[in-house]
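What follows is a set of notes on a single structure, which appears directly below.
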Amino acid sequence: MILEQEVQVISDVIYGDTDGKTLLLDIAMPAQSAGKLPIALCIHGGAWLWGDKAEPSESGMSIRHFAANGYFASSINYRLSNEAIYPAQLHDAKAAVRWLRAVRNRTFLGSAS
């Protein structure tokens with residue numbers, strides 16, 4: 001039996017800014033971790049047209065699950081198709097991956113939830 005770890009969650013972290021829109025993500029990670037953690041990236045559904053990273057029925061709950069099982073997990077928001085023409089949404093997701101790779105070993109200060 002694997003025991004789930006205590007999780008630290010940080011919401012609304014800026015991972016980029018493009019076309020005047022601030023791009024935000026939520027992070028969840030084990031409260032106690034050592035070494036480089038694998039990354040789990042959750043991208044909400046909605047056909048690039050609607051949705052939000054924090055909706056519990058989408059990826060908002062799963063980042064806590066990933067973190068409790070040893071992952072550095074994140075759920076992103078991206079420019080929706082009514083804000084930017086495709087493939088801007090893919091560019092935003094790729095920017096999130098680059099940002100996550102750069103910061104996954106940093107210590108994050110903030111309130112845990």
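A short reminder: the numbers here are calculations on the coordinates, not readings from a lab. Values in this document were obtained by computation on a predicted structure and should not be read as measured data. Using ideal geometry, Cβ is built from the backbone for each residue, glycine included, and neighbour counts are taken over all protein chains shown.
Before anything else, pin down the relative contact order of segment 7-103: Cα pairs under 8 Å, at least 6 apart, normalised by residue count, whole percent.
On the way: 175 pairs, mean separation 29.6, N = 97.
That works out to 31 percent.
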task: Starting from the amide H of L24, placed 1.01 Å from N in the peptide plane, find each other amide H under 5 Å away whose residue is 5 or more places distant or on another chain.
output: Y15, N77
Residue-span extension gain [D19 to A31] - 0.36 nm each, minus C-alpha spacing: 0.9 nm
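Using mean Cβ contacts within 10 Å as the protection proxy, how do 69-77, 10-18 order, highest first?
Numbers: 69-77: 22.7, 10-18: 14.9.
For the peptides 69-77, 10-18, the packing ranking is 69-77, 10-18.
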statement: Per residue, the convex hull enclosing the alpha carbons of segment 7-103 has a volume in Å³ of 82
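Quick check on packing: order 79-87, 23-31 by the mean number of other C-beta atoms within 10 Å, highest mean leading. Before the final figure, lay out the partial values.
Working: 79-87: 13.4, 23-31: 21.0.
Per-residue Cβ counts within 10 Å, averaged per peptide and sorted highest first, yield 23-31, 79-87.
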message: So, R0 is 22 Å and r is the distance between the beta-carbons of S62 and A93; what FRET efficiency does that work out to, to 0.05?
response: 0.85
